[in-house]
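Note sheet for the following structure.
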Amino acid sequence: MPIPTDTLVNEFIAYLRFEKRYSDHTVRAYEDDLAQFFAFLADPQKGAYGRIDPREVAAVMVRTWLADLRSAPVPASPRTLNRKLSTLKSFYKYLLKRGVVTSTPLVNVVAPRVNKRLPVFVDEKQSERLLKDTEIGEGWKGFTANLIIALLYQTGMRLSELVNLKESHINGYGSSLKILGKGNKERIIPIGPDLLNSIRDYVSEKRTTIASPDREYLLVTDKGKKLYPKYVYRIVNEHLKEVTTLSKRSPHVLRHSFATHLMNNGADLNAVKELLGHASLAATQVYTHTTIGQLKEIHKKAHPKG
């Protein structure tokens, strides 16, 4: 007896959440993409295929869906289309593993070409000013803001990794932090003595300044509660506004800056990959662009025919 589509989708979402341990944000994106795809197939004005069993989905149905997204009043970008296609591929990979299907309709669907976006970053002089900036916020808020900036720039961790950083993840003897990245994968990031001392001072001050603070997570608000993403985003945006004219001023800019500055100063690509927690080297190679840019500049200045 065929398993209902809703049941298969729900089981897949549970697999992502509890076995793959994807973040809530990522799981919601998968859920929304699948709901949108099957709703499109059933829509008599669009897909007009009716409520269809996943085993009956063909490549032409997927292509029709992508074409509809491209021709929408607000057309989906190639990057968005690729993400949605990736969702379907993951779903059918799961169904293959379960033995629900014997083949996937995605084999004959070509992904739209995406132009690689170069990472946005601050230069090294701006980063020095950024770390010295103590003008934003006073008291506990200022103390927290400065540590947020230092951690993001000096470790390259993601926003989600920062807000979930626990006091128990700090290794004072080994001068390192344990980071829980995507898929709950652990990695160790070395830190310098200045940052380690700042963290120790923060923990000590938290105990004496704030009544009943959260002692599990490192960073807290002035009420002692665990930080949340919007709080961090706002702090980073305000700090970056003081040192750069970049229109993009998110926590990820500091992650990009961390990686770019490492590469520009001769760091090994594989080492940068491990520090960033990338699953593949391809994701890290985007940071070689600045090194190539520097080489071009050196060539232009130093070579007779530059």
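The values are calculated or read from the model by the stated rules, or taken from the named source; none is laboratory data. Source: prediction; values computed, not measured. As a convention, Cβ positions derive from the backbone with ideal geometry for all residues, glycine included, and neighbour counts pool all protein chains shown.
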- Note on the structure: Of (1) of a type outside the set (S, T, Y); (2) modelled with pLDDT of 95 or more; (3) in a loop (DSSP other than H, G, I, E, B), A211 fails just (2)
- Task: Determine if segment 210-233 includes at least one residue that is surrounded by 14 or more Cβ atoms within 10 Å (Cβ to Cβ), of a type in the set (G, A, S) and in the same structural domain as I149 (by TED's automatic domain parsing).
- Result: yes
- Message: Among the numbered criteria (1) modelled with pLDDT under 90; (2) surrounded by fewer than 17 Cβ atoms within 10 Å (Cβ to Cβ), which one does F121 miss?
- Response: (2)
- Limited to segment 162-199, what total is found for residues that are in a helix (DSSP H, G or I), surrounded by 15 or more Cβ atoms within 10 Å (Cβ to Cβ) and touching a residue at least 60 places away in the same chain (Cβ under 8 Å)? 3
- Which ones in segment 234-257 are under 18 Å from E138 (Cα atoms) and under 20 Å from the mean Cα position of the chain (by Cα)? R234, I235, V236, N237, L240
- Message: Just to be sure I understand the filter: pairs with C-beta atoms under 6 Å, separated by 6 or more residues or on different chains, first member in segment 94-113 and within 11 Å of V57 (Cβ to Cβ), second member assigned to a loop (DSSP other than H, G, I, E, B) and at pLDDT 90 or above. Which pairs pass?
- Response: L95/V101; P105/V57; P105/A58
- Message: Considering only residues that are surrounded by fewer than 19 Cβ atoms within 10 Å (Cβ to Cβ) and either touching an Asp or Glu at 6+ places or on another chain (Cβ under 9 Å) or among the polar types (S, T, N, Q) (or both), which ones fall in segment 124-139?
- Response: Q126, R129, D133, T134, E135, I136, G137, G139
